[in-house]
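*Asks:* Quick one: the structure is below, questions incoming.
Computed from the coordinates by the stated procedures, all read-outs in this text should not be read as laboratory data. Since the structure is predicted, the reported quantities are computational estimates derived from the model, not experimental observations. Cβ: placed from backbone, ideal geometry, glycine included. Neighbour counts: every protein chain shown.
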C-alpha cells in the first residue's frame, strides 16, 4: 500500500462525522458473512450483554413508575417501542456474531438453530467460546487472526 492510498483512507475516515463512522462500523458487523476470532466473539458477547443490561436498567424504572402514575403508562408506550426495536437489533447483531463464529470453526450457519433446543444450546454455547478457529482460510473466508492470508475469493 502506497503512502498516497494511506493518506486517502485517512482523509476519508477523518472527514466522516461520528455518526457516519458509527453507522459504517455497525454495518460492518450487521451481516453474517465471513469469520470472527474467538477473542472477537468473546468481546462481542460482552458487548451484547452490556447492551441487554442497559435495556433492562432503563425499563425497570419505567415499569416501577407506571405502577403509581396511570398517566405515565401512555407516555411509556413510545419509550417501550424504541426499547423493543433496540432489543431486536441487539438480538440480530448477536445472531450475526454467532454465525460468524460458527464459520470460524468451520461449522454451517444452520447450527444457529440448535440454540432453540434446551440443553443442546448450552453445548454449542461452550463450543463457540472454547473451540479454536480453523487455521488458515476455510470455505467461509480468510483466517481472522492471520492478516497475511490473501482475501477469500469464492470459486464457482
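*Asks:* Mind checking the full-extension length gain between residue 84 and residue 134? Use 0.36 nm per residue of separation minus the Cα-Cα distance, one decimal, nm.
*Replies:* Gain on stretching residue 84 to residue 134: 14.4 nm.
*Asks:* Oh, and also: Order of 60, 47 from fewest to most other C-beta atoms within 10 Å?
*Replies:* Numbers: 60 10, 47 15.
Lowest to highest Cβ neighbour count: 60, 47.
*Asks:* With a 10 Å Cβ neighbour count serving as the proxy for reagent exposure, in which order, fewest first, do 36, 53, 127 appear?
*Replies:* Values: 36 25, 53 10, 127 15.
Ordered by Cβ neighbours within 10 Å, fewest first: 53, 127, 36.
*Asks:* Using a Förster distance of 35 angstrom, determine the FRET efficiency expected from the C-beta separation of residue 122 and residue 77, and round it to 0.05.
*Replies:* 0.45
*Asks:* Expected output is a single nm value to one decimal: the length gained when fully extending between residue 113 and residue 29, i.e. 0.36 nm times separation in residues minus the C-alpha distance. What is it?
*Replies:* Working: separation 84, 0.36 × 84 = 30.24 nm, distance 2.01 nm.
Working it through step by step, the gained length comes to 28.2 nm.
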